[in-house]
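> Please read through the structure below; I'll follow up with questions.
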Amino acid sequence: RGLGMPELSPTNEGEIVRYLEALDLVESVCDLAVRARVDRIEKIQVRLDPAISSRQGVGAIERTRVQMSIAGPSLALTRLLTWTQRPSADGRVFAIDKLEMGLARGKKDEVRLDVTFVIARVKELEAPKEAG
C-alpha cells in the first residue's frame, strides 16, 4: 500500500526529491525481487532523515531509510540480496543499514527478510577561505 510514501504528499522540494530517490530504489529492488522469484513484498516504509527538519541540520551524511519485508524461498531471497550488492550498469549498489532473515512464522518452507536500505547524501565540505 502506497509504496512506503507518506499519508500526506510532501510539498517541500527537498522532500519530494528524496521521496523520488526512495521510489527509484523501491522500483529497482522490486524488479530484482520479481527476477529472483520472491513470493511477495509484505511491507515498504520510507523514512527521511529526521535531522532534515531539526535546527542542527543533518550534518555530514544524510540518510533516507527504505525498510522492506520480503517473503519467499531462501534461495530467492539470497539471490535478491546478492543482486542488490552487485554493481549495476551505472555502478550503483544498494547500501544496507540493517538486515534480518529467518523462517516465516508458521511456515517451514518460507523465509522472511527484513531489510533496511539506506540512501546516503554526503554534504559537500566548504573550501576554507583564503586570508587576504
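The values are calculated or read from the model by the stated rules, or taken from the named source; none is laboratory data. Since this is a predicted model, take the numbers as computed values, not measurements. For neighbour counting, all protein chains shown are included, and Cβ atoms are generated from backbone atoms with ideal geometry for every residue, glycine included. Please note that ligands, DNA and RNA were not included when accessible areas were found on the heavy atoms of the full protein model with its side chains. Shrake-Rupley method; radii C 1.70, N 1.55, O 1.52, S 1.80 Å.
> Can you give me the number of residues within the stretch 46-77 that are open to solvent by less than 60 Å² (accessible area, probe 1.4 Å) and either over 19 Å from residue 17 (Cα atoms) or assigned to a strand (DSSP E or B) (or both)?
So the answer is 13.
> Would you confirm whether or not the stretch 33-40 contains a residue that is within 18 Å of residue 116 (Cα to Cα), surrounded by 11 or more Cβ atoms within 10 Å (Cβ to Cβ), modelled with pLDDT under 95 and within 15 Å of the chain's Cα centre (by Cα)?
no
> For the stretch 103-132, which residues satisfy the criterion of being touching a Lys or Arg at 6+ places or on another chain (Cβ under 6 Å) and modelled with pLDDT under 95? Can you show your working first?
In the first step, residues of the stretch 103-132 are kept if they are touching a Lys or Arg at 6+ places or on another chain (Cβ under 6 Å); the result is 104, 116, 118, 120.
Within the stretch 103-132, 104, 120 meet the criteria.
> Taking the stretch 6-23, which residues are farther than 26 Å from residue 89 by Cα and either open to solvent by less than 60 Å² (accessible area, probe 1.4 Å) or at pLDDT 90 or above (or both)?
If the condition is that a residue be farther than 26 Å from residue 89 by Cα and either open to solvent by less than 60 Å² (accessible area, probe 1.4 Å) or at pLDDT 90 or above (or both), then 6, 10, 14 are the ones that fit.
> Of everything in the stretch 78-126, what is open to solvent by 80 Å² or more (accessible area, probe 1.4 Å), aliphatic (A, V, I, L, M) and in a loop (DSSP other than H, G, I, E, B)? Give them in sequence order.
Result: 89, 125.
> Then there's this: Regarding residue 26, is this residue at pLDDT 90 or above, touching a helix residue (DSSP H, G or I) at 6+ places or on another chain (Cβ under 7 Å), within 16 Å of residue 120 (Cα to Cα) and part of a strand (DSSP E or B)?
Taking the combined requirement at face value, the residue does not satisfy it.
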